[in-house]
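To keep things clear, I will list the structure first and then write my remarks on it.
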């Protein structure tokens, strides 16, 4: 196969936007998260992600307790579910690995630019538990 130019897909979001670069094997994204906005609380069954913060600061909620978190949200116990989530603040130069089946949400503490390096992205592998805003 010859080298070739690839397209960049821009996806507007309530919390900012994604610039997606991908091929058959992997995906790279530039995520721009607006201050005080948040991604959905979601997980991926197969996608493996690592985030790198280029500028700004974010708060990341996460948990490997997918079954428990999902059951609580399904039972309308959202506050209890969030109390079970771990959290970490990330700033410029920080990176964070998100294995498959890890529930996570990213909140902009400042206008933030972060890079996502991952296995291939499929919309069908994004499972939203609570929508972003």
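The values are calculated or read from the model by the stated rules, or taken from the named source; none is laboratory data. Since the model is a prediction, treat every value here as computed from it, not as a measurement. Ideal geometry is used to build each Cβ from the backbone, glycine not excepted, and the neighbour counts take in all protein chains shown.
Looking for something buried (at least 16 other Cβ atoms within 10 Å of the Cβ), under 21 Å from residue 15 (Cβ atoms), under 12 Å from the mean Cα position of the chain (by Cα) and modelled with pLDDT under 95 - is there at least one such residue anywhere in region 111-133? Yes, region 111-133 has at least one match. Taken over region 22-44, the residue count meeting the criterion of being modelled with pLDDT of 90 or more and in a strand (DSSP E or B) is 11. Between 52, 43, 26, the distinction of being crowded, with 17+ Cβ neighbours inside 10 Å and under 19 Å from residue 117 (Cα atoms) belongs to 43 only. Considering each residue of region 80-130, count those that are under 13 Å from residue 61 (Cα atoms) and in a helix (DSSP H, G or I), and give that number. The qualifying residues number 4. Which condition breaks for residue 61 when tested against (1) out of contact with any helix residue (DSSP H, G or I) (no Cβ under 9 Å at 6 or more places or on another chain); (2) assigned to a strand (DSSP E or B); (3) in contact (Cβ under 8 Å) with a residue 40 or more places away in the chain? With (1) out of contact with any helix residue (DSSP H, G or I) (no Cβ under 9 Å at 6 or more places or on another chain); (2) assigned to a strand (DSSP E or B); (3) in contact (Cβ under 8 Å) with a residue 40 or more places away in the chain applied to residue 61, the lone miss is (1).
Residue count for region 95-133 satisfying the condition of being more than 18 Å from residue 45 (Cβ to Cβ) and in contact (Cβ under 8 Å) with a residue 60 or more places away in the chain: 14.
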